[in-house]
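Asker: Here you go, one structure.
The values are calculated or read from the model by the stated rules, or taken from the named source; none is laboratory data. Being a predicted model, the structure only gives us computed values, none of them experimental. Methodologically, a virtual Cβ is constructed for each residue, glycine included, from the backbone with ideal geometry; neighbour enumeration extends over all protein chains shown.
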Amino acid sequence: MKRVIVGLSGGVDSSVAAYLLKQQGYEVIGLFMKNWHDDSVTISNECPWLEDSNDAMMVAEKLGIPFQTVDLSEQYKERIVDYMFNEYERGRTPNPDVLCNREIKFDVFLKIALSLGADYVATGHYCRKETIEVQGKEVHRLLAGKDPNKDQSYFLCQLSQEQLSKTLFPIGELIKPEVRKIAQENELITADKKDSQGLCFIGKVRLPEFLQQKLKPKEGQIVEIDSSSVLKKKELRSFDNKIDELAYNAQRLTYNITEGKVVGKHQGAHYFTKGQRKGLAVGGTPEPLFVIETDVDQNIIYTGQGKDHPGLFRKALFVSNEELHWVREDLALIADQKLEVMARIRYRQPLQKATLYQVDGGMYVEFDQAQSAITEGQFVAFYLGEELIGSGVIG
């Protein structure tokens with residue numbers, strides 16, 4: 001009997017994952033990760049992790065499997081929270097869920113599980129794993145979940161072959177309604193529980209309040225930039241070679257306060273992210289304002305009217321070699337190689353046609369269609385068919 005340790009989060013997905021593994025004859029142990037102590041920044045009065053850990057414990061009891069809680073809050077603070085603050089300070093927008101999977105669930109948690117004699121860890125992610133042989137070597141493929149509305153492969157875009165070799169995704173072949181049905185039929189307390197919306201394992205957090213603990217509010221100006229001045233910056237030009245063209249298209253546009261008009265005030269440029277519409281509190285414009293760029297050094301937010309404002313769009317992005325990660329190491333490009341893929345720059349974004357161009361310092365991703373709100377610090381993930389082959393942090 002192989003031993004599997006399931007990360008029981010107190011949600012329906014991991015509950016059903018544990019149930020299915022038990023049905024398949026594994027020796028199953030439930031482990032709840034406590035990642036957060038500071039309740040001062042969570043939105044609701046209930047203590048979300050406490051409620052979740054109780055639900056996880058009741059599910060384990062119902063399934064007749066051993067259960068324990070591990071406190072990973074120290075590692076979480078160090079690897080996720082500090083990293084987030086650091087990124088926001090630099091004017092970038094991190095993705096804590098992708099990081100939490102790479103650093104906590106499939107690293108710290110995986111190591112604890114292996115030290116407890118586990119053969120595998122399992123989670124309630126909607127994705128699939130397939131193992132094939134390439135040149136006599138075992139290779140693990142990370143595939144999209146069968147449920148198109150819930151596919152979570154994007155969140156696992158930083159996993160390695162070694163991590164995948166030790167991981168099971170029991171619900172990847174199911175769609176959400178089937179998961180809920182299994183939970184109801186087996187009278188699991190989590191059957192009708194709402195999906196959590198908060199930061200990975202912290203619960204619901206108000207991001208500005210969370211950031212204000214470390215990044216002090218600082219009044220600055222909101223500047224509106226007219227479409228015509230952006231179009232001038234983007235005037236078509238000719239290039240000597242493809243790499244020059246990619247470098248030009250991947251550049252962040254920079255603005256100056258003199259190029260637009262001041263339309264309001266904000267409490268800190270680092271609280272805002274590209275493409276953001278809420279929280280600007282500026283009225284009276286024919287179309288809503290969207291953040292097109294932030295300047296944390298000057299503490300200025302640049303905005304434009306409407307979701308089609310040209311300042312929101314870019315055709316290419318760059319990932320440095322240090323920030324580039326191949327799930328399929330055997331498919332990694334070398335300098336001067338290119339590859340046609342499907343890519344996404346955020347969770348739930350429909351896949352977009354793109355071409356990867358590997359150069360000496362990193363990789364350009366050029367999209368067939370210009371993309372809205374390409375955001376530094378977020379992850380771009382690339383796919384061949386339904387397989388996620390790699391990812392990188394947008395630079």
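Asker: Given (1) touching a helix residue (DSSP H, G or I) at 6+ places or on another chain (Cβ under 6 Å); (2) assigned to a helix (DSSP H, G or I); (3) surrounded by fewer than 20 Cβ atoms within 10 Å (Cβ to Cβ), where does D147 come up short, assuming only one miss?
Answerer: All conditions are met except number (2).
Asker: Within segment 369-383, is there a residue that is under 14 Å from R252 (Cβ atoms), more than 22 Å from the chain's Cα centre (by Cα) and in contact (Cβ under 8 Å) with a residue 40 or more places away in the chain?
Answerer: no
Asker: Restricting to segment 50-76, name every residue that is of a type in the set (V, I, T) and in a strand (DSSP E or B).
Answerer: T69, V70, listed by residue number.
Asker: Restricting attention to segment 322-336, does a residue exist that is part of a loop (DSSP other than H, G, I, E, B) and more than 24 Å from D368 (Cα to Cα)? Don't jump to the end; show me each part of the working.
Answerer: If we filter segment 322-336 for residues that are part of a loop (DSSP other than H, G, I, E, B), which is where we start, we get 327-328, 332-336.
The next check asks that each one be more than 24 Å from D368 (Cα to Cα); those that pass are none.
No, the conditions are met nowhere in segment 322-336.
Asker: Restricting attention to segment 305-321, does a residue exist that is surrounded by 13 or more Cβ atoms within 10 Å (Cβ to Cβ), over 22 Å from A354 (Cβ atoms) and more than 26 Å from the chain's Cα centre (by Cα)?
Answerer: yes
Asker: Okay, next question. Give me the residue from segment 50-86 that is buried (at least 20 other Cβ atoms within 10 Å of the Cβ) and of a type in the set (D, E, K, R) and, out of that set, nearest to E323 (Cα to Cα).
Answerer: The residue in question is D52.
Asker: Restricting attention to segment 102-134, and to residues there that are polar (S, T, N, Q) and without any contact (Cβ under 8 Å) to a residue 60 or more places away in the chain, which single residue is farthest from L8 (Cα to Cα)?
Answerer: Among them, the one singled out is T131.
Asker: Which count do you get for residues in segment 226-250 that are surrounded by 12 or more Cβ atoms within 10 Å (Cβ to Cβ), of a type in the set (D, E, K, R) and modelled with pLDDT of 95 or more? Explain how you work it out, then say what you get.
Answerer: So the first thing to find is which residues in segment 226-250 are surrounded by 12 or more Cβ atoms within 10 Å (Cβ to Cβ), and the list is 226-227, 229-230, 233-234, 239, 242-250.
Imposing the further condition that a residue be of a type in the set (D, E, K, R) reduces the set to 226, 233-234, 242, 244-245.
Cutting the leftovers down to modelled with pLDDT of 95 or more gives us 226, 242, 244-245.
Matching residues across segment 226-250 total 4.
Asker: Continuing with the same structure: Pairs please, first residue from segment 336-358 and among the basic types (K, R), second anywhere and in a loop (DSSP other than H, G, I, E, B), Cβ atoms under 7 Å, 6+ apart in sequence or on different chains.
Answerer: Close Cβ pairs satisfying both conditions: R344/L351; R346/Q378.
Asker: Report, by residue number, each residue of segment 368-395 that is hydroxyl-bearing (S, T, Y) and touching a Cys at 6+ places or on another chain (Cβ under 7 Å).
Answerer: Quick first cut of segment 368-395, residues hydroxyl-bearing (S, T, Y) only: 372, 375, 383, 391.
Correct list: S391 only.
Asker: Mind checking whether some residue in segment 188-208 is part of a strand (DSSP E or B), among the β-branched types (V, I, T) and assigned by TED's automatic domain parsing to the domain that holds D71?
Answerer: Yes, some residue in segment 188-208 is part of a strand (DSSP E or B), among the β-branched types (V, I, T) and assigned by TED's automatic domain parsing to the domain that holds D71.
Asker: Being at pLDDT 95 or above and on the phi > 0 side of the Ramachandran plot is the filter here, so list the residues in segment 1-44 that pass it.
Answerer: Hit for segment 1-44 is G25, nothing else.
Asker: Just the residues that are modelled with pLDDT under 75, touching a helix residue (DSSP H, G or I) at 6+ places or on another chain (Cβ under 8 Å), exposed (fewer than 14 other Cβ atoms within 10 Å of the Cβ) and not acidic (D, E), please, taken from segment 196-225.
Answerer: Matches in segment 196-225: R206 only.
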